[in-house]
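*Asks:* Handing you this structure, nothing more for now.
The values are calculated or read from the model by the stated rules, or taken from the named source; none is laboratory data. Predicted model only: the values in this text are computed from it and were never measured. Neighbour counts are summed over all protein chains in view; Cβ atoms, including those assigned to glycine, are modelled from backbone coordinates with ideal geometry. Surface accessibility is based on the protein's heavy atoms, side chains included, excluding ligands, DNA and RNA. Shrake-Rupley method; radii C 1.70, N 1.55, O 1.52, S 1.80 Å.
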Amino acid sequence: MRREDCRRWPGGVRILRVLAACLVAATTPVGAPALAEGETVQFRAVDDLWGKVRANCDRPDGGYIVDHFGFPARGGVGSAALRNIQFQKLEAALSKVLAANGSGGQRANLKPIEQDELRAHVYGDAFGENAIVDRFRDTYLLATADLVADAKGQYLLSVTVRGLGGTSNGCFEASDLYPLPEEEVGEPVVSLADIFGRAASKMIDRSKGKVTVYLSAEVVGEGQAPGRWTDTFVDEMRYAVQTAREKSSTINLSDSTASILVQPQTTGASPTGERWVSDVKIERKRNAYRVVLTVDPNADYIVEPGLVQPSELPDIPVEQLRDVNYGAGRTKLLNIVGEQQVVLGMLPGATDVQDYGFRLSAPAYVEFDIAGNPGEPPPLDLYNGSGALVEPMASRSPTLRRFRLGADTYRLRVRNTKGPRAGYRLSYRGSEQALAPMLPPDFRITRVFRDWQVGIGFQKGERACFAVTEATRWSPAGWRPIRPFIWFLVPDSKASEASERVINQRFDVAAYYDTSVPLQGHVFGNKENWSIPIGIRDQQIQSVVGGDIMSLESLEGLTQGTALVLEGATAEQRPAQIEYSLSGYQAAINEILSECNRLDLRAALIRR
């Protein structure tokens, strides 16, 4: 269907299905000019739509009444949370446009029975003579909206109105397609199967005969990926190719003998057929990995990126770590960088030890956590380059060892005290400034909005939604082992705490501060700045004026500002400062409130 064919569409069929066909036919926002400063996408779409109604549908003897139904109940793109947020913003935009003098329209104030009958007749679910339809036939318009995604994954918004048909109201108009800004859409966390599945479909389309794909994998900043990760990618691609081939009809294949074989790059040259090179790059991000799969069918690149949970990649067997000589003997090399990594090990003999080595070029915090498999974990000891035992920092966890280390060469030793075949799972991470905060168990990231992440988790068996962001900078250096972070959590509407309007918030941990020195909060925006109240409650730094309620200044600042700065003094009475980015705050909060069905809390967290 061509875009021009969608301008005026006669009645009789479901308008949403027609709209979907029209929107998919238009993969770029044709005719959608740049937004003016302070103007929202939703207002522009509604204003554009109503201008077309006035030009092409306006009744000479009076105005229309407009009923806003929102998005289709089934189908479409985007999460339910995203669609709910768009509905709310379109509601506000529609009210604003219709409230303008001379708009020629007003919001519908219909009884439920009238609304049901009118919508059913517009959709084609009901037909024939009806007194309600006859009364509103010339004045009623149903406004609907939809989201589509173009080939590049850009979300596009359009709004449509449709009349009941007849002599004076056969109106059908749709706004142009408007791209939603990144801060509203966010980036979803997907599965490896999704990334490889998209690539496999394109590979099937481009393969003409026998093809062998040679795949390699690399961790950005670390070098070649662990062998087990490469094996996982090879298996994922093989399965994805097989699935894509099963879905593809042989009619669409120019050569019925076409086949795609996937091998690790180390396998060697293909004896026959085409040779395609493929690589996977993994970049460690906060609580997630960015995976970029590239396939090169004769320089016609296929590139499929995506964010995945760290749990999508398997733990690394100790045997796959590189052997190195560190001082007193041969060890397994640990790359102490960035986010958490995991090694699986086994101590066959009752007196066996396993040594790991690593080198730091600058002072850093390093953390090790070991779990037995099964039973109690084996002990851990850390030695510096001189062979001296290094004492860990204080920790309440019996398995966690956290160190503040200088630039040196180190040896980590795992000792067996349990008997033959003692298995263990060793996790480790490091950072020159401070370690990233870890999500609680049973919590996972689902989407990223600029500098904020959102997700779902379970507390005491009950579902909750959260938004989190780490500090962009803080001082003084060496102040703390864990980076500062802001955290908002709300219980699901079905949780037992939902009726109490509980909002769990924290801007930092009070233990790092001299509580006798007043804390100050400053929000900086593009046009305005705010001073917000900051205090301590339940050993957390918070911005509340009572209960879990934030002040109006706090709400305006967090919603409209770009950066939040906290100032105080460390426990050692040194000046302390933390800066957080607020880019993505409003979209992240909207997402968690919609995901957990807690829109009743919106006024407690957002203020325009």
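*Asks:* If you take the residues in segment 84-105 that are of a type in the set (D, E, K, R) and surrounded by fewer than 17 Cβ atoms within 10 Å (Cβ to Cβ), which one is farthest from the chain's Cα centre (by Cα)? Before you say what the answer is, go through the steps one by one.
*Replies:* Taking segment 84-105 and keeping what is of a type in the set (D, E, K, R), we get 89, 91, 96.
Checking the rest, the ones that are also surrounded by fewer than 17 Cβ atoms within 10 Å (Cβ to Cβ) come to 91, 96.
On the way: Glu91: 25, Lys96: 31 Å.
Among residues in segment 84-105 that are of a type in the set (D, E, K, R) and surrounded by fewer than 17 Cβ atoms within 10 Å (Cβ to Cβ), the one farthest from the chain's Cα centre (by Cα) is Lys96.
*Asks:* Read through the list (1) open to solvent by 20 Å² or more (accessible area, probe 1.4 Å); (2) in contact (Cβ under 8 Å) with a residue 60 or more places away in the chain; (3) within 30 Å of Ser191 (Cα to Cα), then give the number of the only condition that Ala434 fails.
*Replies:* Tallying (1) open to solvent by 20 Å² or more (accessible area, probe 1.4 Å); (2) in contact (Cβ under 8 Å) with a residue 60 or more places away in the chain; (3) within 30 Å of Ser191 (Cα to Cα), Ala434 fails exactly one: (1).
*Asks:* Of all residues in segment 573-597, how many are of a type outside the set (A, V, I, L, M), over 30 Å from Pro518 (Cβ atoms) and out of contact with any Phe, Trp or Tyr (no Cβ under 8 Å at 6 or more places or on another chain)? Before you say what the answer is, go through the steps one by one.
*Replies:* Step one: of segment 573-597, the residues of a type outside the set (A, V, I, L, M) are 573-575, 577, 579-581, 583-586, 590-591, 594-597.
Remaining after also requiring over 30 Å from Pro518 (Cβ atoms): 590-591, 594-597.
If we keep only those that are out of contact with any Phe, Trp or Tyr (no Cβ under 8 Å at 6 or more places or on another chain) as well, we get 590, 594-597.
Summing the residues that are of a type outside the set (A, V, I, L, M), over 30 Å from Pro518 (Cβ atoms) and out of contact with any Phe, Trp or Tyr (no Cβ under 8 Å at 6 or more places or on another chain) in segment 573-597 gives 5.
*Asks:* Being among the aliphatic types (A, V, I, L, M) and open to solvent by less than 40 Å² (accessible area, probe 1.4 Å) is true for just one of Ala571, Ala510. Which residue is that? Break it down stepwise before answering.
*Replies:* Working: Ala571 fails: open to solvent by less than 40 Å² (accessible area, probe 1.4 Å).
Residue meeting the stated conditions: Ala510.
*Asks:* If the requirement is being open to solvent by 20 Å² or more (accessible area, probe 1.4 Å), in contact with an Asp or Glu (Cβ under 6 Å, 6 or more places away or on another chain), on the phi < 0 side of the Ramachandran plot and not in a loop (DSSP other than H, G, I, E, B), which of these qualifies: Arg473, Arg444?
*Replies:* On the way: Arg444 fails: in contact with an Asp or Glu (Cβ under 6 Å, 6 or more places away or on another chain).
Unique residue meeting the criteria: Arg473.
*Asks:* Follow-up. Could you grab me the full set of residues in segment 379-392 that are open to solvent by less than 70 Å² (accessible area, probe 1.4 Å), part of a loop (DSSP other than H, G, I, E, B) and over 19 Å from Asn325 (Cβ atoms)?
*Replies:* Restricting attention to segment 379-392, the residues satisfying the condition of being open to solvent by less than 70 Å² (accessible area, probe 1.4 Å) are 379-385, 387-388, 390, 392.
Cutting the leftovers down to part of a loop (DSSP other than H, G, I, E, B) gives us 379, 384-385, 387-388, 390, 392.
Listed by number, the residues that qualify are Pro379, Ala388, Val390, Pro392.
*Asks:* Among (1) under 28 Å from Asn84 (Cα atoms); (2) without any contact (Cβ under 8 Å) to a residue 40 or more places away in the chain, which single condition is Ser493 missing?
*Replies:* Here Ser493 meets the rest and fails (2).
*Asks:* Continuing with this model, one more query. What is the residue count in segment 405-440 for residues that are in contact with a Phe, Trp or Tyr (Cβ under 9 Å, 6 or more places away or on another chain), of a type outside the set (Lys, Arg) and in a strand (DSSP E or B)?
*Replies:* Result for segment 405-440: 11.
*Asks:* Can you name every residue in segment 236-250 that is of a type in the set (Ser, Thr, Tyr), touching a residue at least 40 places away in the same chain (Cβ under 8 Å) and assigned to a helix (DSSP H, G or I)? Don't jump to the end; show me each part of the working.
*Replies:* Pass one, segment 236-250, residues of a type in the set (Ser, Thr, Tyr): 239, 243, 248-250.
From the residues that got through so far, the ones that are touching a residue at least 40 places away in the same chain (Cβ under 8 Å) too are 239, 243, 248.
Answer for segment 236-250, where residues must be of a type in the set (Ser, Thr, Tyr), touching a residue at least 40 places away in the same chain (Cβ under 8 Å) and assigned to a helix (DSSP H, G or I): Tyr239, Thr243.
*Asks:* Here is a further query. Test Ala495 against the criterion of being at pLDDT below 95, surrounded by 18 or more Cβ atoms within 10 Å (Cβ to Cβ) and not in a strand (DSSP E or B), and give yes or no. If you could, list the steps in order and put the result at the bottom.
*Replies:* Numbers: at pLDDT below 95: yes; surrounded by 18 or more Cβ atoms within 10 Å (Cβ to Cβ): yes; not in a strand (DSSP E or B): yes.
In short, yes.
*Asks:* A further question follows. Of the residues Ala603, Ala588, which is in a helix (DSSP H, G or I), over 17 Å from Gln542 (Cβ atoms), out of contact with any helix residue (DSSP H, G or I) (no Cβ under 6 Å at 6 or more places or on another chain) and open to solvent by less than 10 Å² (accessible area, probe 1.4 Å)? Steps first, answer last, please.
*Replies:* Details: Ala603 fails: open to solvent by less than 10 Å² (accessible area, probe 1.4 Å).
Result of the check over Ala603, Ala588: Ala588.
*Asks:* Output the residue which, of all residues in segment 290-306 that are open to solvent by 10 Å² or more (accessible area, probe 1.4 Å), in contact (Cβ under 8 Å) with a residue 40 or more places away in the chain and assigned to a strand (DSSP E or B), is farthest from Gly430 (Cα to Cα).
*Replies:* Ranking the qualifying residues of segment 290-306, first place goes to Glu304.
*Asks:* Taking Ala193 as the residue in question, decide whether it is over 34 Å from the mean Cα position of the chain (by Cα), open to solvent by 20 Å² or more (accessible area, probe 1.4 Å) and of a type outside the set (Ser, Thr, Tyr). Give the derivation first.
*Replies:* Values: over 34 Å from the mean Cα position of the chain (by Cα): no; open to solvent by 20 Å² or more (accessible area, probe 1.4 Å): yes; of a type outside the set (Ser, Thr, Tyr): yes.
In short, no.
*Asks:* Let me ask something else. Evaluate the following for Leu215: is it within 30 Å of Tyr64 (Cβ to Cβ), part of a strand (DSSP E or B) and aliphatic (A, V, I, L, M)? Quick ask: steps written out before the conclusion?
*Replies:* Details: within 30 Å of Tyr64 (Cβ to Cβ): no; part of a strand (DSSP E or B): yes; aliphatic (A, V, I, L, M): yes.
So Leu215 fails the test.
*Asks:* Do any strands (runs of 3 or more DSSP E) lying entirely in segment 106-174 carry at least 1 residues that are in contact with a strand residue (DSSP E or B) (Cβ under 8 Å, 6 or more places away or on another chain), open to solvent by 30 Å² or more (accessible area, probe 1.4 Å) and of a type outside the set (Gly, Ala, Ser), and which ones are they? Please lay out each step first, then the result.
*Replies:* On the way: elements: 140-149, 155-163, 172-174.
Where strands (runs of 3 or more DSSP E) fall fully within segment 106-174 and carry at least 1 residues being in contact with a strand residue (DSSP E or B) (Cβ under 8 Å, 6 or more places away or on another chain), open to solvent by 30 Å² or more (accessible area, probe 1.4 Å) and of a type outside the set (Gly, Ala, Ser), they are 155-163.
*Asks:* Ok, one more. So which residues in segment 473-501 are touching a Pro at 6+ places or on another chain (Cβ under 6 Å) and within 18 Å of Glu595 (Cβ to Cβ)?
*Replies:* Within segment 473-501, Glu497, Ala498 meet the criteria.
*Asks:* Name the residues in segment 334-365 that are loosely packed, with under 15 Cβ neighbours inside 10 Å and either more than 38 Å from the chain's Cα centre (by Cα) or of a type in the set (A, V, I, L, M) (or both), would you?
*Replies:* Result: Pro348, Gly349, Ala350, Thr351, Val353, Ala362.
*Asks:* Just to be sure before I move on: is Leu558 assigned to a helix (DSSP H, G or I) and within 19 Å of Phe466 (Cβ to Cβ) in the structure I sent?
*Replies:* Values: assigned to a helix (DSSP H, G or I): yes; within 19 Å of Phe466 (Cβ to Cβ): yes.
Against the criterion (assigned to a helix (DSSP H, G or I) and within 19 Å of Phe466 (Cβ to Cβ)), Leu558 qualifies.
*Asks:* Now for a different question. Would you check if there is a residue in segment 545-556 being under 26 Å from Ile482 (Cα atoms), modelled with pLDDT of 90 or more and not β-branched (Val, Ile, Thr)?
*Replies:* Narrowing segment 545-556 to residues under 26 Å from Ile482 (Cα atoms): 548, 550, 554.
Filter once more, keeping what is modelled with pLDDT of 90 or more: 554.
Narrowing further to those that are not β-branched (Val, Ile, Thr): 554.
Taking every residue of segment 545-556 in turn, at least one turns out to be under 26 Å from Ile482 (Cα atoms), modelled with pLDDT of 90 or more and not β-branched (Val, Ile, Thr).
*Asks:* Search segment 214-235 for residues that are on the phi > 0 side of the Ramachandran plot and pair each with any residue that is of a type in the set (Val, Ile, Thr) when their beta-carbon atoms are under 8 Å apart and the residues are at least 6 apart or on different chains.
*Replies:* Gly221/Val337
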